[in-house]
1. Take residue 121 and residue 107, extend 7 Å from each Cα along the Cα→Cβ direction, and tell me the distance between the two endpoints in nm.
2. For the chain, what does the helix formula give at 222 nm: sum of -39500 (n - 2.57) over DSSP H segments with n ≥ 4, over the residue count, nearest 500 deg cm²/dmol?
3. Only one of the listed values, [x] 1.10; [y] 1.04; [z] 1.16, was derived from the coordinates as Cα Rg over 2.2 N^0.38 Å; which label is it?
4. Could you state the number of Å between the C-alpha centres of the range 1-34 and the range 80-125?
5. Residues of the range 1-36 with amide nitrogen under 20 Å from the 7 Å Cα-to-Cβ point of residue 78?
6. Mind checking the dipole of the chain: about its Cα centre, +1 per Lys or Arg Cβ, -1 per Asp or Glu Cβ, Debye to the nearest 20?
7. So between residue 100 and residue 21, what do we pick up on full extension, going 0.36 nm a residue minus the alpha carbon distance?
8. Percent relative contact order of the chain, based on C-alpha pairs within less than 8 angstrom and at least six residues apart?
Amino acid sequence: MYQNFQAELAWATLHMPRTRAAINALPDLGGVKLACNMHLDLKMAPLVAGLLDAGCEVFLTTCNPTTVQDDVVAHLVSKGAVAHAWRDMSDSDWSDSFDKALAWGPTHLCEMGADLTTRLHEGNL
């Protein structure tokens, strides 16, 4: 639909009114360290950016390396997120990303697929 990332991001943000409303209702998230294991695609960018804007520290990894959009990751890193995720990362790098996210010391987890929770319970740190 759009040729460049900024235009796509603006379009996605405009067409996500419930996400905007939820972001606008966030309290101050200073002190929250959120490790996110999710699809890192365009539709997640406004949410994560909103969390960062509210003062949350964010570590990003992916629940599926084939769905990572590198421009989304770069954008969120430029806004302050820490990330260990890229499109088609190797299985070894993907597995290492879970350890890196947990070693980062999160106070909260947000995940799709429970990879971080599983790793935490397995004690593979």
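1. Result: 2.5 nm between the two label points.
2. Calculated mean residue ellipticity at 222 nm is -13000 deg cm²/dmol.
3. Matching the structure shown: [y].
4. Here the answer is 23 Å between Cα centres.
5. Residues passing the 20 Å test: 1-15.
6. Dipole of the chain, to the nearest 20 debye: 440 debye.
7. Stretched out fully, the residue 100 to residue 21 stretch lengthens by 25.3 nm.
8. 26
Rule-based calculations on the coordinates, nothing more; no lab input. Worth saying up front: this structure is predicted, and the values here are computed from it rather than measured. Reconstructed Cβ throughout: ideal geometry from the backbone, glycine too, with neighbour counts over all protein chains shown.
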